[in-house]
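Shown next, in structure tokens, is the structure this report addresses.
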Amino acid sequence: QVQLVESGGGLVQAGGSLKLSCAASGQTFSGYAMGWFRQAPGKEREFVVAISWSGSNTAYAESVKGRFTISRDNAKNTVYLQMNSLKPEDTAVYYCAASWQGAHGLGYPSDYKTWGQGTQVTVSS
């Protein structure tokens, strides 16, 4: 019943930054862990990062750890992905996803089954 809409994608040079947003509507996302996934041309969709509803727990893919930061503002029903030091290999369609995991849970990538439509991030070399 939760609808997710991503925004903030675009074209950026290597080393630059972008901030993605994911706005949830349709119902409160109380208890929902939120994640970002991405799919690059010719590759499978892959996990990027997730955050628990409480914000107390996060998990990052090794490839983005130290460069990307996930955050959420539950009062605004919005999740953010701050992406710094972008690399050409970060080029992908980025998807926001939700999974009901209670206050502190993250679940696993396969648990995320509610998706936004994605936003394109292109990093030029």
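Within segment 56-76, can one find any residue that is more than 30 Å from residue 125 (Cβ to Cβ) and touching a helix residue (DSSP H, G or I) at 6+ places or on another chain (Cβ under 9 Å)? No - not one qualifying residue is present in segment 56-76. Highlighted here are the strands (runs of 3 or more DSSP E) found entirely within segment 71-125 that include at least 2 residues which are under 20 Å from residue 29 (Cβ atoms) and either open to solvent by less than 30 Å² (accessible area, probe 1.4 Å) or in contact (Cβ under 8 Å) with a residue 24 or more places away in the chain (or both): 78-83, 92-100. Candidates in segment 7-42 are the residues that are assigned to a loop (DSSP other than H, G, I, E, B) and within 18 Å of residue 72 (Cβ to Cβ); of these, the one that is most open to solvent (accessible area, probe 1.4 Å) is 28.
Here are some residues: 116, 102, 66, 55. Which one is within 20 Å of residue 5 (Cβ to Cβ) and of a type in the set (Gly, Ala, Ser)?
Details: 102 fails: within 20 Å of residue 5 (Cβ to Cβ); 66 fails: within 20 Å of residue 5 (Cβ to Cβ); 55 fails: within 20 Å of residue 5 (Cβ to Cβ).
The unique qualifying residue is 116.
Of everything in segment 43-58, what is assigned to a strand (DSSP E or B) and not aliphatic (A, V, I, L, M)? Give them in sequence order.
Going residue by residue through segment 43-58, those that are assigned to a strand (DSSP E or B) are 46-51, 58.
If the condition is that a residue be assigned to a strand (DSSP E or B) and not aliphatic (A, V, I, L, M), then 46, 47, 58 are the ones that fit.
Going residue by residue through segment 52-61, is there one that turns out to be touching a Ser or Thr at 6+ places or on another chain (Cβ under 8 Å) and in contact (Cβ under 8 Å) with a residue 60 or more places away in the chain? Write out each step before concluding.
Restricting attention to segment 52-61, the residues satisfying the condition of being touching a Ser or Thr at 6+ places or on another chain (Cβ under 8 Å) are 52-53, 55, 58.
Filter once more, keeping what is in contact (Cβ under 8 Å) with a residue 60 or more places away in the chain: none.
The answer is no, given that none of the residues of segment 52-61 is touching a Ser or Thr at 6+ places or on another chain (Cβ under 8 Å) and in contact (Cβ under 8 Å) with a residue 60 or more places away in the chain.
The values are calculated or read from the model by the stated rules, or taken from the named source; none is laboratory data. Given the structure is predicted, the values throughout are model-derived calculations rather than measurements. A quick note on method: Cβ atoms are made from the backbone with ideal geometry, for glycine too, and the neighbour counts reach across all protein chains shown. The protein model used for the area step is the full one, side chains on, heavy atoms only, and it has no ligands, DNA or RNA in it. Shrake-Rupley method; radii C 1.70, N 1.55, O 1.52, S 1.80 Å.
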